1. Cβ-Cβ under 7 Å, sequence separation 6+ or interchain: first residue in segment 107-133 and in contact (Cβ under 8 Å) with a residue 40 or more places away in the chain, partner open to solvent by 40 Å² or more (accessible area, probe 1.4 Å) and small (G, A, S). Which pairs?
2. Only residues that are open to solvent by 30 Å² or more (accessible area, probe 1.4 Å), in contact with a helix residue (DSSP H, G or I) (Cβ under 8 Å, 6 or more places away or on another chain) and modelled with pLDDT of 65 or more: list them for segment 63-80, please.
3. Taking into account only those residues within segment 132-145 that are part of a helix (DSSP H, G or I) and surrounded by fewer than 18 Cβ atoms within 10 Å (Cβ to Cβ), which is modelled with the highest pLDDT?
4. What do you reckon, is V88 open to solvent by 40 Å² or more (accessible area, probe 1.4 Å), under 16 Å from the mean Cα position of the chain (by Cα) and at pLDDT 95 or above?
5. When the residues of segment 117-131 are filtered to those that are under 14 Å from L12 (Cα atoms) and surrounded by fewer than 19 Cβ atoms within 10 Å (Cβ to Cβ), which remaining residue is farthest from the chain's Cα centre (by Cα)?
6. If I filter segment 32-61 down to residues being assigned to a helix (DSSP H, G or I) and of a type in the set (D, E, K, R), which single residue comes out as nearest to the chain's Cα centre (by Cα)?
7. Take the residues in segment 95-116 that are outside any helix (DSSP H, G or I) and open to solvent by 30 Å² or more (accessible area, probe 1.4 Å), then tell me which one is nearest to A11 (Cα to Cα).
Amino acid sequence: STLYDLDYHVALIACVFYIGAGDETVNSRRVVAHWLKILQFIAVRPSLLFDFQIWAGTRRHQDLDTWQRMPRGYLGDSTHERTVELMVACGMLAREGDELVAGSRFADLRRIYDELVAGNLLSSERATLLELSHTRVNKTLLQGT
């Protein structure tokens, strides 16, 4: 299953960093760690996108109906955490507080992303991430995740 495939998760993380994580300068790319986890979880399951967008849009004025739209299943996704730990250990990423930032070997992620785009791979996941890149992330949105 791709859900447990290390290469797949590394590719998803590369997509997150190059689709919605800062501007074009390599050293400014950064993602809040919890946000990265939600993004990759939804990218693999695009059917969750609509409900997530409703939940995110009403986060400050949440009611029981919108609260149920939050994708809670991602909390148990330990494959993602292990992938991030490996990427930090090998220098692709680094931790700065609650954010993941470019590490000394971050250029490897660029090569992975460029190969994905050139081969038209993970097109569904990339389209979902592009749509999610328009969602404003803030600490209130991630509170309790």
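The values are calculated or read from the model by the stated rules, or taken from the named source; none is laboratory data. Bear in mind that the values here come from a model prediction, so they are computed numbers and not experimental data. Cβ atoms come from the backbone with ideal geometry, glycine included; neighbour counts cover every protein chain shown. Remember, those area values only see protein heavy atoms, side chains included, never the ligands or the DNA or RNA. Shrake-Rupley method; radii C 1.70, N 1.55, O 1.52, S 1.80 Å.
1. L129/G20; L132/G20; S133/G20
2. Within segment 63-80, the subset open to solvent by 30 Å² or more (accessible area, probe 1.4 Å) is 63-65, 67-69, 72-73, 75-76, 78.
From the residues that got through so far, the ones that are in contact with a helix residue (DSSP H, G or I) (Cβ under 8 Å, 6 or more places away or on another chain) too are 67, 69, 73.
Within segment 63-80, G73 is the sole residue that qualifies.
3. Just the residues of segment 132-145 that are part of a helix (DSSP H, G or I), to begin with: 132, 139-142.
Going one step further and asking which of them are surrounded by fewer than 18 Cβ atoms within 10 Å (Cβ to Cβ), we end up with 139-140, 142.
Details: K139: 58, T140: 57, L142: 62.
Here the residue is L142.
4. Working: open to solvent by 40 Å² or more (accessible area, probe 1.4 Å): yes; under 16 Å from the mean Cα position of the chain (by Cα): yes; at pLDDT 95 or above: yes.
Criteria met by V88.
5. Filtering segment 117-131 for residues under 14 Å from L12 (Cα atoms) gives 117, 120-130.
When the remaining residues are screened for being surrounded by fewer than 19 Cβ atoms within 10 Å (Cβ to Cβ), the result is 117, 120-121, 123-124, 127, 130.
Working: V117: 17, N120: 19, L121: 17, S123: 15, S124: 14, A127: 13, L130: 11 Å.
The extreme case among them is N120.
6. First pass over segment 32-61, keeping only residues assigned to a helix (DSSP H, G or I): 33-44, 46-57, 59-61.
Checking which are of a type in the set (D, E, K, R) leaves us with 37, 51, 59-60.
Values: K37: 5, D51: 17, R59: 19, R60: 22 Å.
So the residue we want is K37.
7. Going through segment 95-116, the residues outside any helix (DSSP H, G or I) turn out to be 95-106.
Now narrow it down to the ones that are open to solvent by 30 Å² or more (accessible area, probe 1.4 Å): 95-99, 104-105.
On the way: R95: 19, E96: 22, G97: 23, D98: 21, E99: 19, S104: 18, R105: 15 Å.
The residue in question is R105.
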